[in-house]
Amino acid sequence: PQALLPLYSSPTTSSASGWLQSSRMSAGIIYACVCKRTDVQVEAGDKGVLKNSLKAFIEGTVSGPASQKEKGSFNHGPFSYNFAKDGSNTFIVIAGKELETRILFNFLHDMNEEFNAGRDKVTYTKNLNQLLVQYRNPAEMDRIKRIAAELEEVQSVMRDNLDNMIKRGDHLDALDDNLSALEDDVGVFKTNATKVRKVMWFRLVKCRIITGVVVVILVGFFLSVAICGGFTFPRC
């Protein structure tokens, strides 16, 4: 935001030439620090080339217009000033203004993650210096970031596929259980059907025997009536 610019002292001719020389010498990040309000907790890089602008920038992120923002970026002189806040901590990185803002915010993100890992001040300072070295070649670091993001995306897709396979496996197991239960039900049905068929067969045989006995009795009765000359059996 342009409203921050008045916080910085205007560079003299000699300091401006020093800034430009430093900018030409450093193609990557020049300085980085973590602040709690205006107090610098951890820092790495060369802040000598920044003169009074560093102090003014830090104060601007706390009490200036930028204090209401979670992150911000702007150019002043040959440098790009960038910050991101996380709670009471402000992460700051300063680089040559030729460096893409996206890369600088990637650096701030890495700074934040490293800081939140809970390491002590000495270890974090060492890791912050190593991070500066890693970003010394911004194009290469950006390429690595892109590859890492692509790998993460591939891993995410693979995890989703694996989860789907596991779910399908669960569905297949459930289907197999259902089929087993169905087979058991079919077996019970066959057993019951056989029993019913036998019962019905015995009933049918019984009915036929009874019918046959009744028919024999009736035939014998009518033959007796015919032979004996009537129902009064006069001949017999």
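Only a single criterion out of (1) under 25 Å from the mean Cα position of the chain (by Cα); (2) modelled with pLDDT of 85 or more is not satisfied by Ile144, namely (2). Of the candidates Val34, Val62, Val40, the single residue that is modelled with pLDDT under 85, out of contact with any Gly (no Cβ under 9 Å at 6 or more places or on another chain) and either part of a strand (DSSP E or B) or of a type in the set (Val, Ile, Thr) (or both) is Val62. Residues that are touching a strand residue (DSSP E or B) at 6+ places or on another chain (Cβ under 7 Å) and without any contact (Cβ under 8 Å) to a residue 24 or more places away in the chain do not occur anywhere in the stretch 74-92. Just one residue in the set Leu132, Leu175, Leu151 is in a helix (DSSP H, G or I), in contact with a strand residue (DSSP E or B) (Cβ under 8 Å, 6 or more places away or on another chain) and either at pLDDT below 75 or not small (Gly, Ala, Ser) (or both); that residue is Leu132.
So that you can scan it fast, the table gives a plain yes or no per residue for (1) open to solvent by less than 40 Å² (accessible area, probe 1.4 Å); (2) under 24 Å from Asn52 (Cβ atoms):
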{"site": "Lys71", "(1), (2)": "no, yes"}
{"site": "Phe79", "(1), (2)": "yes, yes"}
{"site": "Lys85", "(1), (2)": "no, yes"}
{"site": "Lys97", "(1), (2)": "no, yes"}
{"site": "Ile103", "(1), (2)": "yes, no"}
{"site": "Glu114", "(1), (2)": "no, no"}
{"site": "Tyr124", "(1), (2)": "yes, no"}
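The values are calculated or read from the model by the stated rules, or taken from the named source; none is laboratory data. The structure presented is a predicted model; accordingly, all values stated were derived computationally and were not measured. Neighbour counts run over all protein chains shown; Cβ positions are idealised from the backbone, glycine included. Side chains are part of the model used for accessible areas, which takes the heavy atoms of the whole protein and leaves out ligands, DNA and RNA. Shrake-Rupley method; radii C 1.70, N 1.55, O 1.52, S 1.80 Å.
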